[in-house]
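S.K.: Have a look at this one.
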């Protein structure tokens, strides 16, 4: 049995108020009654729309008098979403559809849609937190660059060549850090907006990981071991993005663990074909508690007191998913954390 019009409106998450050609309210769904505080009187049905949608702006002007949905331009069919307030100060977001048989004909019906502004307020807070975090991450290396450059300019004749070289090397390191952070932020923006550009092709998994291990090993004193269990098939990957994923995984293991970092790769088969390669990256640190693993792949997540922007795992998750793979976190047999990625052998990207 199908739902009636009233029951159907009550299933909607947003509030809906419908008025006829005379402005008389014919329907008020449960969400609208809750948001507008209309309970026990038929939710306001039978009243004029101006007596049901009793909202004001910050200056005390009421919604109906300001927007006059039945007057104004005879071609209007839509009222843009705006913030309005109940008498107790509660903020609501309101929009409306004006129904006409054709342009320049009288209004036949007005449907007002109302929703809580709490989600927008939460989004605004998240954006503010994001801006504050980015500003903090950028300020730290910039402060170092500014300080050393100011010292070089003011005391150039008093510094010997070794001191100048040390300061310039430090400035160069901070500049590299800024470059990496900006690149990470751009990757985050592309992942969030679905504008990540991938250029995948068949890739030798073992050779690609070997190159990353050799590159990272040259810049650290930590032992990095890469073991392969069986013959690995070619995988479908953008070489640059693949290298970025593995580099971030190894850097993360070095930063948050002690002792050796171990990478283990094994082929994944189903029946007569290869599905892909499973790569484990194990560290010997404190591990990651199951209670917080769901937050590891969020932006600016940090664990412990070690450095880093907090974007690495988010980018890893986004890049692997963009290729049609998966990422999981578990306990390492070595006692630390294990991050596992399943990289597909075929093109499994979403359409």
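The values are calculated or read from the model by the stated rules, or taken from the named source; none is laboratory data. The shown structure was predicted, so the numbers you read here are calculated from the model rather than taken from an experiment. Here Cβ is always computed from backbone atoms with ideal geometry, including for glycine, and neighbour counts include all displayed protein chains.
Residue-wise test of (1) at pLDDT 90 or above; (2) assigned by TED's automatic domain parsing to the domain that holds residue 326; (3) farther than 23 Å from residue 187 by Cβ.
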site	(1), (2), (3)
246	yes, yes, no
250	yes, yes, no
266	yes, yes, yes
273	no, yes, yes
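S.K.: Moving on. When residues of segment 252-264 are filtered for being modelled with pLDDT of 90 or more and out of contact with any helix residue (DSSP H, G or I) (no Cβ under 9 Å at 6 or more places or on another chain), how many remain?
M.R.: 1
S.K.: Within the bounds of segment 111-123, is there any residue that is assigned to a helix (DSSP H, G or I) and either at pLDDT 90 or above or in contact with a helix residue (DSSP H, G or I) (Cβ under 6 Å, 6 or more places away or on another chain) (or both)? Before you say what the answer is, go through the steps one by one.
M.R.: Step one: filter segment 111-123 for residues assigned to a helix (DSSP H, G or I), giving 118-123.
Subsequent filtering for residues that are either at pLDDT 90 or above or in contact with a helix residue (DSSP H, G or I) (Cβ under 6 Å, 6 or more places away or on another chain) (or both) retains none.
Looking for residues that are assigned to a helix (DSSP H, G or I) and either at pLDDT 90 or above or in contact with a helix residue (DSSP H, G or I) (Cβ under 6 Å, 6 or more places away or on another chain) (or both), one finds none in segment 111-123, hence no.
S.K.: Based on this model, can you work out whether residue 265 counts as over 29 Å from the mean Cα position of the chain (by Cα), in contact (Cβ under 8 Å) with a residue 40 or more places away in the chain and surrounded by 14 or more Cβ atoms within 10 Å (Cβ to Cβ)?
M.R.: So residue 265 fits the description; yes.
This table checks each residue for (1) surrounded by fewer than 20 Cβ atoms within 10 Å (Cβ to Cβ); (2) part of a strand (DSSP E or B); (3) free of Cβ contacts under 8 Å to residues at least 12 places away in the same chain.
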position: 183; (1), (2), (3): yes, no, yes
position: 198; (1), (2), (3): yes, no, no
position: 225; (1), (2), (3): yes, yes, no
position: 231; (1), (2), (3): yes, no, no
position: 249; (1), (2), (3): no, no, no
position: 278; (1), (2), (3): yes, yes, no
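S.K.: If we keep just the residues of segment 233-246 that are touching a helix residue (DSSP H, G or I) at 6+ places or on another chain (Cβ under 9 Å) and in a strand (DSSP E or B), which is surrounded by the fewest Cβ atoms within 10 Å (Cβ to Cβ)?
M.R.: 234
S.K.: Let me spell it out: the conditions are (1) farther than 18 Å from residue 54 by Cα; (2) free of Cβ contacts under 8 Å to residues at least 12 places away in the same chain, and residue 75 meets all of them except one. Which number is the exception?
M.R.: If we test residue 75 against (1) farther than 18 Å from residue 54 by Cα; (2) free of Cβ contacts under 8 Å to residues at least 12 places away in the same chain, just (2) comes out false.
S.K.: Considering every residue within segment 153-169, establish whether at least one is assigned to a helix (DSSP H, G or I), within 22 Å of residue 319 (Cα to Cα) and not assigned by TED's automatic domain parsing to the domain that holds residue 323.
M.R.: no
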